[in-house]
Amino acid sequence: SGLGLDAQREVIEAEAARREWGVAEVFADEGASGKNVNPGLRLALDHLATGRADALIVAKMDRLARSVLHASEVMERAKVQGWDLVVCDLALDLSSPYGKAMANMLATFAELEREMIATRTREGLAAAKARGKHIGRPRLATADLVDRICRERESGASFATIATRLTADNVLSPAGRPTWQPSTVRRIYNATKKAVA
């Protein structure tokens, strides 16, 4: 809605004045949700990365990031690129020992969040596999086609020969092409053998 932008700008300008910093430019993301890196923030980060600014002041943390993970990434970027970050509502200042300690805590929680996401993903996949659900990309070849490839291969035909026969019989490849490649036949056959194993 744009409500509060003037108040945020006043907070930023007051903080810059208190520090005796000149304000090069004010970036705003009016009506943006903050779930992603919005255009104004992206432009500000670009100015910092290219040395056109030395510090970023934001009035509120939720204007910088909506997750611990994202906040940690921005703070790591500030540390690596050598610019200061000030978040007014948290009194966070990466140039101070307190601010550095808070950034380290956020980085720890971001790492925990990454590990929890990975754990939930692994557990979800294991549960789905236990229920018999196929994990991975869906099979593009029909069961009859897979059976044919396996029978021909196990009767001694090479992958090239099977590809030639499928093309001659006007069987479309999984990608919908009229011509088969030996590598496609090999991939289907090997995937079947792994699934059986």
Farthest toward positive dipole pole in the range 41-155 [+1 Lys/Arg, -1 Asp/Glu at C-beta], among 64, 78, 96: 64
Rg over Rh [alpha-carbon atoms, Kirkwood Rh] for the range 69-136: 1.26
Set of aspartates and glutamates with alpha-carbon distance to residue 100 below 13 Å, sequence-local pairs under 8 removed: 76, 84
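For the chain, what % of the accessible area comes from carbon and sulfur atoms, probe 1.4 Å?
C and S atoms contribute 54 percent here.
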Mean separation of Cα contacts under 8 Å (6+ apart) over length of the range 76-135, as relative contact order %: 13
Dimensionless Rg/Rh of the range 9-108 - Kirkwood Rh, Rg from C-alpha atoms: 0.92
Simple Cβ-charge dipole of the range 34-193, Lys/Arg +1 and Asp/Glu -1, about Cα centre, in debye nearest 20: 820
Cα-projected label distance for residue 43 with residue 144, points at 7 Å along beta-carbon direction, nm: 6.0
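Two decimals is fine: what's Rg over Rh for the chain, C-alpha atoms, Kirkwood radius as Rh?
Ratio of gyration radius to Kirkwood radius: 1.29.
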Protein-only accessible surface order, largest first, of 60, 129 at 1.4 Å: 129, 60
Per residue accessible area in Å² of the chain, where ligands, DNA and RNA are left out and the probe is 1.4 Å: 65
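Quick one: divide the alpha-carbon radius of gyration of the range 69-108 by 2.2 N^0.38 Å and tell me what you get.
For the range 69-108, the normalised Cα radius of gyration comes out at 1.01.
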Kyte-Doolittle mean at least -0.5, axial Cα span of 18 Å or more - DSSP H helices of the chain: 68-81, 97-130
Estimated distance in nm for a label pair at residue 90 and residue 158, the labels positioned 7 Å out from Cα along Cα-to-Cβ: 6.3
Two-site FRET efficiency, residue 18 against residue 121, from Cβ-Cβ distance with R₀ of 35 Å, rounded to 0.05: 0.20
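The values are calculated or read from the model by the stated rules, or taken from the named source; none is laboratory data. Because the structure is a prediction, the values reported are computed rather than measured. Neighbour counts are summed over all protein chains in view; Cβ atoms, including those assigned to glycine, are modelled from backbone coordinates with ideal geometry. Only protein heavy atoms, including side chains, enter the accessible area calculation; ligands, DNA and RNA are left aside. Shrake-Rupley method; radii C 1.70, N 1.55, O 1.52, S 1.80 Å.
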